[in-house]
Amino acid sequence: MLTKRIIPCLDVKDGQVVKGVKFKNHKVVGSILDLAKKYSDEGADELVFYDISASTNNTMVSKKWIEEIAKNINIPFCVAGGIISIESARLILNSGADKISINTPAIENPILINELAKAFGSQCVTVGIDSMQHNDQYIVYSKTGSVKTSFNTKILTKDWIMKVQELGAGEIVLNCMNQDGVKRGFDIKQLNYMSDVINVPLIASGGAGKEKDFYNVLTNPKISGALAASVFHNNEIQMTDLKNFLKQNNIRIR
Amino acid sequence: MKIGIVDCGGANLNSIYYSLNRLGIDAVISSSKKELEKTDGLILPGVGSAGVVMNYLNSKKLDNFIFNTNKMTLGICIGMHILFDHSEENNTQCLGIISGQIKKFISPDLSIPQMGWNHIEGLNDYKDLSNYYYFANSFYSDNTSRAFGYSKYINKFTSIVQKDNYIGCQFHPEKSSLAGENFLKYFISQI
């Protein structure tokens, strides 16, 4: 049977890997290629690159570093940021990415999800959703790459999940914003709440702080993988230790 | 040695090209029969859909070329599917090199496509290659007569097939880390 995926996320800004807390105050943590190779060699199941400069400045991600990643690593990777059309997606996929992930452009033009799925197949099309809890509701946020542009779309997260699936999304990464970068564990409550409408692989994102957090989220059968950034970048969790811990606790892990 | 990566009209042909480069193997991506003739082995890469790939191969007159070749040929994912008689994907007539149908996964609760790392139990020459590999597929084969590797997702399915000089793999060796590299090395060793 399929194993659960552990996915380091690399936020890319101006050609370097950065990490912010709650989507702001970005600090440089290293070179894209060095970190990508390190995680791939250590047993990461997949990598995600979010080009945060591309999505907030309305520019396309540069093709060059994608090609370098494709030449040097032998696991699947997904690129997000600034993908607004079939052409921009094609450029990224032809540069060697296995998947593209769209977030803000999907909110602004939902039919793009359908066009991408038709052109490249659903397995290439991930939709990223930034979701924030307001009182008793979960709401989709847009343009979260910078605190200045981030805004409440007033769309309920659960409604949006159902819509993107209908349109052909092959995978959903749910970033639970209340938890992002604060290391208090994944937002199990929100993820469980969304689970009943999920029929594509769901990747949990936001809040990983310790090994046990991964265990807690991956026991949900609807969750295919867990994504995290700073715990890996800061060497707080080692990939091999994490995978051994999960295996010992009967989570299916490669 | 030179491997011909058959341009089947899909995106992302470079991944397999890069993976061969990492193994120090020379390769060329081409849809020209003349150019592919000059290579020592062929790879049918695994992107797109069965209908699109077959239409493209037909338009380039590569269908007969692949059917008749004596070169060792590796079909990856869709590239494996088109080796069979028929695929349910776009109701596509395929090359008919290996008998059988490609079917769609159906499940009320497991997500489709299958996406991620799954285990393969290899048989015969493939026994030592039993390992985890990366899959991304909605369609599968349940051929048993030519199966040399099995996996399970929703149902048991064929993850490695071989007939004569044709090998098919349902997973993506170019994205399957060291296990995938070993699989490609095995294919190359057969040339």
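FYI, it's all coordinate maths here, none of it is from the lab. Here the structure is a predicted model, which means the values were calculated and not measured. Using ideal geometry, Cβ is built from the backbone for each residue, glycine included, and neighbour counts are taken over all protein chains shown.
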So what is the orientation-averaged projected area of segment B:83-191, using the convex hull of its C-alpha atoms, in nm²?
6.7 nm²
Could you work out [θ]222 nm for chain B from helices alone, using -39500 (n - 2.57) per DSSP H run of at least four and dividing by all its residues? Round to the nearest 500 deg cm²/dmol.
-6500 deg cm²/dmol
Long-range amide H partners of A:V18 with built H, under 5 Å:
A:D11, A:V12, A:K13, A:V29
Quick query: amide H of B:G100 versus all other amide H atoms, modeled in the peptide plane; which residues come in under 5 Å with a sequence gap of 5 or more or a different chain?
B:D85, B:H86
Using amide H atoms built in the peptide plane, which far-off residues or other-chain residues are under 5 Å from A:Q238 H to H?
none
Considering only Cα-Cα distances, which of the following residue pairs are longer than 27 Å: A:K37/A:K189; A:K38/A:K99; A:K37/B:K33; A:K189/A:K212?
A:K37/A:K189; A:K37/B:K33
I need the phi-derived Karplus couplings for segment A:63-68: 6.51 cos²θ - 1.76 cosθ + 1.60, θ = phi - 60°, integer Hz, Gly and Pro marked x.
7, 4, 5, 5, 4, 4
If the viscosity is 1.002 mPa s and the temperature 20 °C, what Stokes-Einstein diffusion coefficient in µm²/s follows for segment B:27-151 when Rh is the Kirkwood radius over Cα pairs?
137 µm²/s
Listed with the fewest Cβ neighbours within 10 Å leading, A:V18, B:V47 appear as A:V18, B:V47
